[in-house]
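A quick write-up on the structure given underneath.
The values are calculated or read from the model by the stated rules, or taken from the named source; none is laboratory data. Everything quoted here is computed from the prediction, not taken from an experiment. In this analysis, Cβ positions are derived from the backbone assuming ideal geometry, glycine residues included, and neighbour counts consider all displayed protein chains. Each accessible area value is taken on the protein alone, full model and side chains, heavy atoms only, with ligands, DNA and RNA left out. Shrake-Rupley method; radii C 1.70, N 1.55, O 1.52, S 1.80 Å.
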Amino acid sequence: MPGLSFSIDPIGYLRTEDDQPLRLADVWIWHIFEDGSRRLGPKVSVSVIGDTSDLAVIRAAYADFTGRRHT
């Protein structure tokens with residue numbers, strides 16, 4: 001199935017001044033084609049505060065990749 005795939009390279013887990021969890025990561029975006037082949041796309045560096053799950057990191061990377069704002 002064509003689409004996008006994401007690989008997360010963690011940079012660090014920190015805490016903000018008000019003790020909120022902070023996660024820094026580089027996310028590699030892969031383009032998947034109908035024949036199953038893959039092409040490496042851009043690397044996006046993101047930081048998320050609060051929800052530091054993989055899904056939150058991927059959402060932030062996708063928002064950055066598409067030029068949309070994330071929360």
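Below, the figures for the structure above:
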quantity: Per residue, in Å², the accessible surface of the chain once ligands and nucleic acids are set aside, probe 1.4 Å; calculated: 70
quantity: C-alpha long axis of helix 54-66 to longest principal axis of the chain, angle in °; calculated: 60
quantity: Span from the region 1-44 Cα centroid across to the region 46-63 one, whole angstrom; calculated: 9
quantity: In sequence order, calculated HN-Hα J values of region 9-20 (Karplus, 6.51, -1.76, 1.60; Hz; x Gly/Pro); calculated: 10, x, 9, x, 10, 10, 10, 6, 4, 9, 6, 7
quantity: Protection proxy ranking of 2-8, 59-65 - average other beta-carbon atoms within 10 Å, highest first; calculated: 59-65, 2-8
quantity: Derived scalar couplings ³J(HN,Hα) [region 27-39; Karplus, 6.51 cos²θ - 1.76 cosθ + 1.60; whole Hz; x for Gly, Pro]; calculated: 10, 8, 9, 9, 9, 9, 9, 4, 7, x, 6, 10, 10
quantity: Region 1-55, dipole about Cα centre (Lys/Arg Cβ +1, Asp/Glu Cβ -1), debye to the nearest 20; calculated: 240
quantity: Theoretical ellipticity at 222 nm over the chain - DSSP helices of four or more residues, -39500 (n - 2.57) apiece, nearest 500; calculated: -6000 deg cm²/dmol
quantity: Local electrostatic count at V48 - Lys and Arg +1, Asp and Glu -1, tallied over other residues with Cβ under 9 Å; calculated: +1
quantity: Nonlocal amide H pairs with L4, under 5 Å, H built at 1.01 Å; calculated: I32
